[in-house]
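Participant: Quick one: the structure is below, and I'll ask about it shortly.
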Amino acid sequence: MSYLDKARVLHSFTSKELKEICKDNNLKGYSSLSKPNLIDFILQNLSEDNVKEILMEKGLISEDEVTDEEIIASLNKLRKIDNKAYLTYLLQSLNVKELRALCKEYYLEDCSRYSKKSDLLEYILDSLSEEEHQRVLYNNELEIISKEINLALKKINGEDRENIFEINIVNPENHEVEISFKGWNWDTKSYLSITPSNINDPERDCDCRTGANMGFCSHFWVGFILSLKEEYFNLSDWTLTKLPDNFEELIDSIKLSAARTGEERPRSGDKRRLVDESSDSAVLMKFLNNSITIYEGEILDIVERQSDFQGNVTIYYHITLKDVRLGPRVYRKSDFREEDIVGIEKLKIRISEKLQNDQKLKVNDKLSINGKLDKDNFWGILVKNIRKVQKL
Ligand SMILES: [Zn+2]
């Protein structure tokens, strides 16, 4: 424990208790000292082990607490920026409440003065010693990184409330990628460029609060995974952050597919998609917001629904299809490619009241349709914009 560490823990004692410690240890000349001076007096006159013992007795530190040596050994020595600079990035992932909890943990008393996250973060990092910066990293780094990476994986799989809308290779030479995310009623744009010359602290920007201040937001990690799959860098060259031990395993099933094919060299404006081939809904994600053709699907059930928008009642039908074969919609026969066709166990489609009145669809009918694959916030993945139904 550093001097400052111990001083902060001793701060939680009252003046009376501090004087008792002095008395118990046969120290002289403390009776007129103020609390801060009493703390200094104790730290100057008692041995390191003696102070530790007192703190342990009070239950303020535990015997199995990690030592400074263990913490230093665990730190990433390859990182090229210093711990404080790194923490200003890393701690962007915490909200004000979590930062206040950190203040409490390190006995910082002036936290309540700061209501803005940026001020609070600056105050914390300026107040903590270099040893404490290391301790914060030791205790929090992997948890923060893992949380954001998991959220990134959910976005790739279509399991988050925000989806990847478009991945744009803005400038292939500089590895510049721009990723747009879409939520129910918001958009987020994220930018990343990882090159051999900036890999120690890559160029990045994001609309979200964490990423706007160079933090490692979930959007950053989507770009990171994309850049890795694009072979913009080798994972072994990445030293800026720790990664979960099973990171490579986690992203193994994620494949990169180009929305535009048949080109040898990447060009500016190329589109990409990240698809996790291990999950069924994720297979559909590569068609999200695109026109598709369902070549075959059998009706499993039909449910009538109503929506009421400002007094206008609309009737529509949700139909669940099973054993579905689908692919991207092609406008010329020569563009059809068998390898683009995927099989899905079940898929929901939405048709209008008029279409159902015309077609009188029923369970076990087999259909072929064109539509657009959409993600509805409430119903999930759904085929919409169906104008025509063909019974097979
Ligand atoms: Zn972000």
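Participant: Filter segment 142-157 down to residues that are surrounded by 19 or more Cβ atoms within 10 Å (Cβ to Cβ) and of a type in the set (D, E, K, R) and give me whichever is modelled with the lowest pLDDT.
Facilitator: Selected residue: 155.
Participant: Now, a different point. Considering only segment 177-185, I want to know if a residue exists there that is away from the ligand (no atom under 14 Å from the Cβ) and over 16 Å from residue 275 (Cα atoms).
Facilitator: So far as segment 177-185 goes, yes, one or more of its residues are away from the ligand (no atom under 14 Å from the Cβ) and over 16 Å from residue 275 (Cα atoms).
Participant: Which ranges mark the helices (runs of 4 or more DSSP H) fully within segment 52-144 that have 2 or more residues being within 26 Å of residue 211 (Cα to Cα) and in contact (Cβ under 8 Å) with a residue 40 or more places away in the chain?
Facilitator: So the answer is 83-90, 117-127.
Participant: Being of a type in the set (Lys, Arg) and surrounded by 16 or more Cβ atoms within 10 Å (Cβ to Cβ) is the filter here, so list the residues in segment 361-380 that pass it.
Facilitator: Of everything in segment 361-380, those that are of a type in the set (Lys, Arg) and surrounded by 16 or more Cβ atoms within 10 Å (Cβ to Cβ) turn out to be 372, 375.
Participant: Can you pull out every residue in segment 108-140 that is more than 11 Å from residue 87 (Cβ to Cβ), out of contact with any Asp or Glu (no Cβ under 9 Å at 6 or more places or on another chain) and polar (S, T, N, Q)?
Facilitator: 112, 115, 118
Participant: I would also like to ask the following. Quick check on residue 206: is it without any contact (Cβ under 8 Å) to a residue 60 or more places away in the chain, buried (at least 17 other Cβ atoms within 10 Å of the Cβ) and within 16 Å of the ligand (Cβ to nearest atom)?
Facilitator: yes
Participant: Against the definition (touching a strand residue (DSSP E or B) at 6+ places or on another chain (Cβ under 7 Å), more than 15 Å from the ligand (Cβ to nearest atom) and of a type in the set (Gly, Ala, Ser)), how does residue 257 come out, yes or no?
Facilitator: Considered against the rule, which asks whether it is touching a strand residue (DSSP E or B) at 6+ places or on another chain (Cβ under 7 Å), more than 15 Å from the ligand (Cβ to nearest atom) and of a type in the set (Gly, Ala, Ser), residue 257 comes out as yes.
Matching residues to (1) at pLDDT below 90; (2) surrounded by 11 or more Cβ atoms within 10 Å (Cβ to Cβ):
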site	(1), (2)
288	yes, yes
305	no, yes
310	yes, no
317	no, yes
322	no, yes
339	yes, no
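Participant: Looking at 78, 55, 10, which one is loosely packed, with under 15 Cβ neighbours inside 10 Å and within 39 Å of the chain's Cα centre (by Cα)?
Facilitator: The conditions single out 78.
Participant: Tally the residues that are of a type in the set (S, T, N, Q) and under 11 Å from residue 268 (Cα atoms), restricting the search to segment 163-199.
Facilitator: 3
Participant: Out of curiosity, is residue 201 closer than 19 Å to residue 79 by Cα, modelled with pLDDT of 95 or more and more than 16 Å from the ligand (Cβ to nearest atom)?
Facilitator: Taking the combined requirement at face value, the residue satisfies it.
Participant: Say we look at segment 217-233 and pick out the residues that are part of a helix (DSSP H, G or I) and of a type in the set (Ser, Thr, Tyr); which of these is nearest to the ligand (Cβ to nearest atom)?
Facilitator: 218
Participant: Is it the case that some residue within segment 27-39 is in a loop (DSSP other than H, G, I, E, B) and under 42 Å from the mean Cα position of the chain (by Cα)?
Facilitator: no
Participant: May I pose another question? Return the residue satisfying two criteria in turn: it lies in segment 27-50 and is in contact with a helix residue (DSSP H, G or I) (Cβ under 6 Å, 6 or more places away or on another chain) and of a type outside the set (A, V, I, L, M, F, W, C), and of such residues it is surrounded by the fewest Cβ atoms within 10 Å (Cβ to Cβ).
Facilitator: For segment 27-50, the residue satisfying everything is 35.
The values are calculated or read from the model by the stated rules, or taken from the named source; none is laboratory data. Fair warning: this is a prediction, and the values are worked out from it, not measured in the lab. For neighbour counting, all protein chains shown are included, and Cβ atoms are generated from backbone atoms with ideal geometry for every residue, glycine included.
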